[in-house]
Each structure stands twice: as C-alpha cells, then as structure tokens.
Amino acid sequence: MTTAQTHLRRMADVLDEARHDPSDEVPPVSLLLGLQRLIPCDCACFSELDVPTRIHVNEQETPYDDWGDVGGDATLEGYWRWRHQHLQCVEVARVHVSPQVTQMTDFMSLRELMHLPIYTEHLRPFKCIAAVALPTAPARTRVYQFFRQDPKPFTDHEMTTLRLMAPHLYAIYQEAALRRRPPVRLTHRELDVLRCLARGMSTPQIAAQLAVTPGTVRKHLENAFGRLGVSSRTAAVARVFPEAVTV
C-alpha cells in the first residue's frame with residue numbers, strides 16, 4: 001500500500017470510528033482525538049459560540065497540560081477585547097453554506113500576529129491555528145481548531161486533508177445532532193417563524209414575509225419556546241435546526 005493510500009485509510013478509519021461512537025455528544029467525542037492524530041498539533045478543540053451573548057454553547061478539547069499558560073487573560077476578556085484583530089475568527093463567523101478550511105497565515109504573517117494584542121493577551125504561545133468552520137445559524141460559530149506552538153504553517157498536505165475531511169465532519173455533526181434531538185411537535189406557522197429566524201430575519205421582517213402582525217410573530221415564538229423548553233431565539237433555532245444555516 002502506498003503512503004497516500006495509507007493516509008486515506010487512516011482518514012476513513014477516523015470517520016468510521018466517529019460514526020460508530022456510542023457517546024451522545026455532538027459531535028462524537030472520538031472525532032476530535034482522531035483528527036488530532038491526522039493533523040498533529042499541541043491541542044485541538046471543537047466549539048460552538050453564540051457571538052451576541054458570548055456564550056459557549058458547546059465545547060470539546062483534547063488534553064493539554066499548559067492551558068493555564070495560554071494568553072494573558074484566562075477569563076477570555078482578552079479574546080472579546082481584541083477579537084476584531086483575529087481575522088481568522090472574523091472570517092469563521094461569516095455565514096457560509098459549506099465547510100470552510102483556513103489557517104492563520106491565510107490572513108496575516110506570523111510577524112504581524114505576534115505584534116498584536118490578540119496574540120499577547122489570548123493566543124500566546126500558539127503561533128499557528130488551522131480551522132474547519134461548519135455551517136451554522138447567523139451570529140453563531142461552529143468550528144474545529146488545531147493549535148501549534150511551532151511557527152511553521154500547516155503543510156499543504158495537512159490542509160488538503162482537512163479540506164477532504166470537512167464535508168464528512170459536517171455530515172457526522174448533522175447525524176449526531178439528529179440522533180440526540182428528541183422530536184418536538186410544532187405547528188406549521190411556528191416552524192415558518194423559526195425558519196425565518198434561522199435566516200437572520202427580525203420580527204418586522206418575519207411579519208412582512210408571512211403577512212402577519214409583529215404581535216402574531218411574537219406569539220408564535222412564545223408558543224414555540226414553551227414547546228421547545230427554551231427561553232431565547234438563538235436557543236430555539238439551535239434546538240430545531242442545529243445542523244443548518246438555512247432551512
């Protein structure tokens with residue numbers, strides 16, 4: 001078997017292990033560890049973030065002994081203060097309908113990065129970050145990240161591996177989310193309202209789209225919240241459409 005065939009076999013094994021993972025985590029817990037075997041790095045994580053509320057909806061990390069030495073602000077205030085300098089994060093947060101694979105050097109040089117507060121207050125000592133961003137609702141991020149202290153960028157081979165894996169990572173996320181999500185019966189109108197929310201529409205925009213009053217939209221949302229057991233629009237969209245940007 002050639003080196004390329006061996007690597008493809010390893011990629012397939014990681015995906016197969018994730019699809020047979022008995023855990024109820026979304027995504028399966030074995031997937032992050034499998035990806036770290038394919039893309040060697042100091043640590044890797046998967047996170048889902050609601051940007052407006054700054055809430056980490058979901059987070060997984062591989063073992064790493066020195067998290068306490070990362071950055072200068074363990075409370076993540078440094079991240080939010082300087083997030084606009086983290087151009088990779090800014091790009092990840094844009095709405096996209098298919099998985100997106102990037103690394104930090106796509107946006108700036110190492111020299112530029114190390115002179116920015118986002119590095120000294122949050123990212124240090126990691127100099128290279130590769131990311132696989134999965135589609136999600138507006139104002140949310142859903143991303144795998146791979147961190148290295150080594151200043152050398154991720155290789156073309158490693159980035160190609162992530163690009164080949166990306167559609168499968170998204171499919172596995174969708175499958176796991178659907179398995180975990182118990183069925184909830186909503187009316188057709190409640191679903192219509194939530195579909196509009198998933199597209200980032202405001203209450204007046206939804207009212208105009210559905211030819212109803214804003215008060216009617218709010219009433220449908222109130223009823224949907226009760227059925228779903230949630231208290232916010234973001235949570236409702238995540239509960240009903242966890243795997244999609246638009247529905």
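Going through (1) modelled with pLDDT of 90 or more; (2) part of a loop (DSSP other than H, G, I, E, B); (3) open to solvent by 30 Å² or more (accessible area, probe 1.4 Å) one by one, Arg83 falls short only on (2). The residues in segment 193-212 that are open to solvent by less than 80 Å² (accessible area, probe 1.4 Å) and not hydrophobic (A, V, I, L, M, F, W, C) can be counted, and the count is 4. Listed by first and then second residue, the pairs linking a residue in segment 170-196 that is within 23 Å of Arg142 (Cβ to Cβ) and of a type outside the set (Val, Ile, Thr) to a residue that is open to solvent by 10 Å² or more (accessible area, probe 1.4 Å) and modelled with pLDDT of 90 or more, with Cβ atoms under 7 Å apart and 6 or more places separating them unless they lie on different chains, are Tyr170/Pro99; Cys196/Gln209.
If you check Thr161, Thr155, Thr136 for being among the β-branched types (Val, Ile, Thr) and farther than 23 Å from Val97 by Cβ, only one passes: Thr155.
Answer with yes or no whether Ala12 is open to solvent by less than 80 Å² (accessible area, probe 1.4 Å), free of Cβ contacts under 8 Å to residues at least 12 places away in the same chain, small (Gly, Ala, Ser) and outside any loop (DSSP other than H, G, I, E, B).
It is true that Ala12 is open to solvent by less than 80 Å² (accessible area, probe 1.4 Å), free of Cβ contacts under 8 Å to residues at least 12 places away in the same chain, small (Gly, Ala, Ser) and outside any loop (DSSP other than H, G, I, E, B).
Checked against the criteria, Thr203 does not count as closer than 30 Å to Arg19 by Cβ, among the polar types (S, T, N, Q) and touching a helix residue (DSSP H, G or I) at 6+ places or on another chain (Cβ under 7 Å). Selection of segment 95-123 for residues being farther than 24 Å from Asp156 by Cα and open to solvent by 50 Å² or more (accessible area, probe 1.4 Å) yields Val95, His115, Thr120, Glu121. All conditions in (1) open to solvent by 20 Å² or more (accessible area, probe 1.4 Å); (2) within 26 Å of the chain's Cα centre (by Cα); (3) under 24 Å from Glu175 (Cα atoms) hold for Leu186, with the sole exception of (2). Got a number for residues in segment 34-67 being open to solvent by 80 Å² or more (accessible area, probe 1.4 Å) and part of a helix (DSSP H, G or I)? Of the residues in that region, 2 qualify. When Arg163, Arg179 are checked against the criterion of being more than 21 Å from Gly78 (Cβ to Cβ) and modelled with pLDDT under 95, a single residue qualifies: Arg179.
The values are calculated or read from the model by the stated rules, or taken from the named source; none is laboratory data. Predicted model, so just to flag it, every value in this text is computed and none were measured. Please note: Cβ atoms are built from the backbone with ideal geometry, for glycine as well, and neighbour counts cover all protein chains shown. Just the protein is used for accessible areas: all its heavy atoms, side chains included, with ligands, DNA and RNA removed. Shrake-Rupley method; radii C 1.70, N 1.55, O 1.52, S 1.80 Å.
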